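K.L.:
Below you'll find the structure I mean.
The values are calculated or read from the model by the stated rules, or taken from the named source; none is laboratory data. Everything quoted here is computed from the prediction, not taken from an experiment. Virtual Cβ from ideal backbone geometry, glycine too; neighbours counted across all protein chains shown.
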Amino acid sequence: MTSLKIAQTVTEFIILFCAYLLAVTPPGWFRSWVALRMGDETGKELGLLTLNPFAHISVVGLICFLLPFYRFGWGRHVPVHRQAIYDGDNRNVKFAAALFADTLAHWLVALLGLVILGFLIGPHIFAATNGIIGSPLTLSYARILGICIHLSVVLCVVSFIVNSMTYYVAVHKPELYHDDLFNWYFLAAYLLIAITIGNEIICGVLYGTMFLSQLLCHMMGFANL
C-alpha cells in the first residue's frame, strides 16, 4: 500500500511538473523575443530567449504550484526595461507590446492546448480543464494538457493585471517601480483575483477560449467535435 501511494505521488508530481513547464516556457520565450525586437536585450542576456523549459522555472512559482491547494504558479520573470526600448514617439507602445507579450502567449497556449485536447477527447474538453486533481480522465497526457490549460488561463488574467500595474508605474511613477519585487506583484494580483470577481473573469476567459477552440476544431474538420 505504501509503495502504491509513493508511485501515485511520483506520478502526480510528474504530471504537475510537465503541465507547469508547458504553461510557462512559451510565454517566457515569447516575451524575451518581443522585448529583443523592441530593443531590450535583458531577456536574452539572462538566457531566457530559449525554449529550454528548465531555463524558465521560477523556484517560488513552482513551489506555489506544487502546494496541495488551488494550483497557481508562474515561470521565471523576464524583465522588460523601458529605458532600453528604442527611443522615439512610440516607445510606450513598444514597451507595452513587450510587457504584455506573455499575457498573449499564455492565452495562445491555452487555446492551442484546447484545440489539441478537443482533437484527442472530443466535446468533453471542460472535464479536463476543471478537474485539476482527481480528474476522471485516465490518460496522463490529457491531464497534463488540462492542468496546463487551466494554469495558462489563470496566468493570462493575472499577468494582465501585473503588467497593467507595471506599465502604469514604470511610465508614470518610475521611482516607485522595483523589478525585483515581481514575485510579490504576482502574489498580490492573485490575491486580488481570489477576493474579487477574478474567478468569474477566469471562467469567462476559459469558456470564451473553449468556444473559439471548438470553432477552430470544427473548421479544421476534426471528427471528434
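K.L.:
Of the residues G61, G43, which is assigned to a helix (DSSP H, G or I) and either β-branched (V, I, T) or within 13 Å of the chain's Cα centre (by Cα) (or both)? Step through it out loud before you land on a result.
P.N.:
Numbers: G43 fails: either β-branched (V, I, T) or within 13 Å of the chain's Cα centre (by Cα) (or both).
Result: G61 is the single residue among G61, G43 that is assigned to a helix (DSSP H, G or I) and either β-branched (V, I, T) or within 13 Å of the chain's Cα centre (by Cα) (or both).
K.L.:
So I85 passes all but one of these: (1) crowded, with 16+ Cβ neighbours inside 10 Å; (2) modelled with pLDDT of 90 or more; (3) more than 23 Å from I202 (Cβ to Cβ). Which condition number does it fail?
P.N.:
(2)
K.L.:
Quick test of your reading of the structure: A23 fulfils all but one of (1) among the small types (G, A, S); (2) in a helix (DSSP H, G or I); (3) surrounded by fewer than 22 Cβ atoms within 10 Å (Cβ to Cβ). Name the failing condition by number.
P.N.:
Of everything listed in (1) among the small types (G, A, S); (2) in a helix (DSSP H, G or I); (3) surrounded by fewer than 22 Cβ atoms within 10 Å (Cβ to Cβ), A23 misses just condition (3).
Table: residues versus (1) touching a residue at least 60 places away in the same chain (Cβ under 8 Å); (2) over 26 Å from A189 (Cβ atoms); (3) of a type in the set (A, V, I, L, M).
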residue: F13; (1), (2), (3): no, yes, no
residue: A23; (1), (2), (3): yes, no, yes
residue: A35; (1), (2), (3): yes, no, yes
residue: D40; (1), (2), (3): no, no, no
residue: G43; (1), (2), (3): no, no, no
residue: G47; (1), (2), (3): no, no, no
residue: S58; (1), (2), (3): yes, no, no
residue: G61; (1), (2), (3): yes, no, no
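K.L.:
Now for a different question. Which of (1) in a loop (DSSP other than H, G, I, E, B); (2) surrounded by fewer than 21 Cβ atoms within 10 Å (Cβ to Cβ); (3) out of contact with any Phe, Trp or Tyr (no Cβ under 8 Å at 6 or more places or on another chain) is the odd one out, the single condition L112 does not satisfy?
P.N.:
The number of the failed condition is (1).
K.L.:
Among the residues of segment 188-218, which ones are at pLDDT below 80, out of contact with any helix residue (DSSP H, G or I) (no Cβ under 8 Å at 6 or more places or on another chain) and in a helix (DSSP H, G or I)?
P.N.:
A188, L191, A194, I195, H218
K.L.:
If you don't mind, another one. Counting only residues that are more than 18 Å from L111 (Cα to Cα) and loosely packed, with under 13 Cβ neighbours inside 10 Å, how many does segment 194-211 have? Walk me through it before giving the result.
P.N.:
Of all residues in segment 194-211, those more than 18 Å from L111 (Cα to Cα) come to 194-200.
Now drop any that are not loosely packed, with under 13 Cβ neighbours inside 10 Å, which leaves 194-197, 200.
Residues in segment 194-211 being more than 18 Å from L111 (Cα to Cα) and loosely packed, with under 13 Cβ neighbours inside 10 Å: 5 in total.
K.L.:
Follow-up question, since we're still on this one. For segment 39-64, give me the residue count where each residue is under 18 Å from I15 (Cβ atoms) and modelled with pLDDT under 90.
P.N.:
2
K.L.:
Turning to a different aspect of this structure: Can you name the number of the only condition in (1) touching a Ser or Thr at 6+ places or on another chain (Cβ under 9 Å); (2) in a helix (DSSP H, G or I); (3) not aliphatic (A, V, I, L, M) that H77 fails?
P.N.:
Here H77 clears every test but (2).
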